[in-house]
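Notes for the one structure printed next.
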Amino acid sequence: MQCFMCGAEVGNEKVCYNCGADILLYKQIVYTSYVFYNQGLEKAKVHDLSGAIEALKTSLQYYKYNTRARNLLGLCYYQVGDTVRAINEWVLSKNLQEEDNPTADRYLAEIENDPGLLTKLNSTIKKYNQAIEYCKAGSRDLAMIQLKKVISQNPNLVKAHQLLALLYIQDEKYADARKVLSAAAKIDSNNTTTIRYIHEVKELLKEQNTGKRRKKNDVFTFNDGNDTVIMNEHALRSMLDTTKTSLINIVLGLVVGLLICFFLIVPTVKDNMAEGNTDTILALNENLSEERDKNQELQEEIDKLKSSLSAYDETQDIPTSYENLLAAQNAHAAGDDAAAAESIQLVSKEVLGTAGKTAYDSLYTTLAPTIIQGYYEDGNTFYGDENYESAIVNFQTVVDIDEKYNNGAALFLLGDCYRLTGDSAKALECFNKVVELYPGNQWGRQAKVYIAADDTELSATEVGD
Amino acid sequence: MIDFEEELKKFEPAIEVEQAEADIKARDLTDLTDLLVNISSQQNATATTK
């Protein structure tokens, strides 16, 4: 270390042996400066900028070459919106320590690189100063407008917040004042002026809320578009207290709504429903008729297809019928009339040609007794088994071919089958024919008995052979 | 209770950019070390005279 008086090297000595200067005292002064710098730094870290500024100023009063303290002081000024003071501190810092002072270099470079910033800040400062002038001249409204502009341009200018709050307090707008002061406290948390104003505003708000300071003709103001409406408290309360009126309006609205619904909407809805139903029925009728037409068309189509199918079946039946006819002829030629009778019955005469029909008729006539006998025997078998339905089919076939077969036995047995199945009319018809054809033989006599007694309930066994 | 007029007096105009140079020049940069140098110088002078 060098002596502050003569510049001689003094090392760790307390006194300079060259000039006798008090080195210890000098060192104590420098150390005290750094102690204040540390305090300022701690306060700045917790946003106690006012406290930091005071500590850093003290630090510099001890030792002006404490560059760190000066740079930090400039930063604190900058933070509270006092930009010109901040620049001054950085310029001084640079002058006092031209070399190895990167912090000041950086801050100044940032401001130099943004010339618009300086202009803007200067304009804000001018407006702030003008606002102070307005206040002093009694134009508080103009001052408020200016201060609001200043805060919008430089939200960190604590002094502007404080002055605006003071104006609000003067106009008894305590809530607004509190809001502005809260913003100021966020920037500089321990500013004595801000704290004092906040306390004052809190007290005033308390008094206002408890009504101690309420005046009889308290007035409220609010903005309605571009107009400012002023009214006393009673008028405002009565305007806001619309509970009863609202209730009455709601009830009236409900009643009117119900009446409208009953007299206008319900009939209209009913009419619409009736019209809708009629339309639906008409539509359904139309659909039904359309469906019927379609059904008829489809039925016609089915008939056509059926006729086509039957023609097709007949066409298919032709060769089979000829084959059966040939088989019957062959069987007959071989002397097997039973097989011939079976084959000829499988022939469809309608599908045969003229020659085929002639051959069929000829062979059928030849085989007729065999065929009839077959049917008659089958009929008797069914009759014996009391299967009268099948017996009727066989006896009817026999009767259709030859109603006198076996001296009227087939006809009588047919009638008897009808009698046993409860068809009295058909039974009597058969019995009458038997009596007519063979009145003297056993079938005729038995038929007479049935007819005379009208006793169709008699058992066939009683007839005897 | 805040006295508006009294409070208003505490608000001083902020330094504008144009006033920056004048402000720096007007600044008294004397610190304690300067005072110590002065005192020491005066003591040395007195001692030399004697």
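Between A:Ala104, A:Ala86, the distinction of being surrounded by 21 or more Cβ atoms within 10 Å (Cβ to Cβ) and closer than 30 Å to A:Gln2 by Cβ belongs to A:Ala104 only.
Listed here are the helices (runs of 4 or more DSSP H) enclosed by the range A:329-418 that have at least 3 residues being of a type in the set (Phe, Trp, Tyr) and surrounded by 16 or more Cβ atoms within 10 Å (Cβ to Cβ): A:354-384.
Checking every residue in the range A:98-118 against the condition of being of a type in the set (S, T, N, Q) and within 11 Å of chain B (Cβ to nearest Cβ) gives zero matches.
Given the criteria more than 13 Å from chain B (Cβ to nearest Cβ) and farther than 27 Å from A:Ala86 by Cβ, does A:Ala183 qualify? So A:Ala183 does not fit the description; no.
Can we say A:Thr83 is of a type outside the set (A, V, I, L, M, F, W, C) and facing another protein chain (nearest Cβ under 10 Å)? Yes, satisfied. Looking across A:Gln2, A:Gln28, one residue alone is of a type in the set (S, T, N, Q) and more than 10 Å from chain B (Cβ to nearest Cβ). It is A:Gln2. Out of A:Tyr65, A:Tyr37, A:Tyr77, one residue alone is among the aromatic types (Phe, Trp, Tyr) and either touching an Asp or Glu at 6+ places or on another chain (Cβ under 6 Å) or farther than 27 Å from A:Lys159 by Cβ (or both). It is A:Tyr65. Note on the range B:36-50: among residues that are part of a helix (DSSP H, G or I), more than 9 Å from chain A (Cβ to nearest Cβ) and not β-branched (Val, Ile, Thr), the one that is nearest to A:Leu164 (Cα to Cα) is B:Asn38.
The set of residues from the range A:130-148 being surrounded by fewer than 17 Cβ atoms within 10 Å (Cβ to Cβ) and either more than 10 Å from chain B (Cβ to nearest Cβ) or in contact with a Ser or Thr (Cβ under 8 Å, 6 or more places away or on another chain) (or both) comprises A:Ala137, A:Gly138, A:Ser139, A:Asp141, A:Leu142, A:Ile145, A:Lys148.
So which residues in the range B:1-26 are more than 7 Å from chain A (Cβ to nearest Cβ), of a type in the set (D, E, K, R) and assigned to a loop (DSSP other than H, G, I, E, B), if there are any at all? Of everything in the range B:1-26, those that are more than 7 Å from chain A (Cβ to nearest Cβ), of a type in the set (D, E, K, R) and assigned to a loop (DSSP other than H, G, I, E, B) turn out to be B:Asp3, B:Glu12. Answer yes or no as to whether A:Thr119 is under 58 Å from the mean Cα position of the chain (by Cα) and outside the structural domain of A:Ile195 (by TED's automatic domain parsing). Considered against the rule, which asks whether it is under 58 Å from the mean Cα position of the chain (by Cα) and outside the structural domain of A:Ile195 (by TED's automatic domain parsing), A:Thr119 comes out as yes.
Select, from A:Asp303, A:Asp271, the only residue that is within 30 Å of A:Lys357 (Cα to Cα), charged (D, E, K, R) and either touching a residue at least 40 places away in the same chain (Cβ under 8 Å) or part of a helix (DSSP H, G or I) (or both).
Numbers: A:Asp271 fails: within 30 Å of A:Lys357 (Cα to Cα).
None of the other options fit; the residue is A:Asp303.
Taken over the range A:149-171, residues that are within 54 Å of the chain's Cα centre (by Cα), more than 26 Å from A:Lys43 (Cα to Cα) and surrounded by fewer than 19 Cβ atoms within 10 Å (Cβ to Cβ) amount to 3. Within the range A:33-46, identify whether any single residue is out of contact with any Lys or Arg (no Cβ under 6 Å at 6 or more places or on another chain) and within 12 Å of chain B (Cβ to nearest Cβ), and answer yes or no. Yes, that holds for at least one residue.
Within the range A:5-25, the set of residues being within 12 Å of another protein chain (Cβ to nearest Cβ) and either surrounded by 13 or more Cβ atoms within 10 Å (Cβ to Cβ) or closer than 13 Å to B:Ile39 by Cα (or both) comprises A:Met5, A:Cys6, A:Val15, A:Cys16, A:Asn18, A:Cys19, A:Gly20, A:Ala21, A:Asp22, A:Ile23, A:Leu25.
A quick yes/no check of all residues on (1) over 20 Å from A:Glu89 (Cβ atoms); (2) not basic (Lys, Arg):
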{"residue": "A:Pro102", "(1), (2)": "no, yes"}
{"residue": "A:Arg106", "(1), (2)": "no, no"}
{"residue": "A:Lys126", "(1), (2)": "yes, no"}
{"residue": "A:Cys135", "(1), (2)": "yes, yes"}
{"residue": "A:Leu142", "(1), (2)": "yes, yes"}
{"residue": "A:Gln162", "(1), (2)": "yes, yes"}
{"residue": "A:Ala184", "(1), (2)": "yes, yes"}
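The values are calculated or read from the model by the stated rules, or taken from the named source; none is laboratory data. Just so you know, these numbers come straight off a predicted model, no measurement behind them. Heads up, the Cβs are rebuilt from the backbone with ideal geometry, glycines too, and the neighbour counts pull from every protein chain shown.
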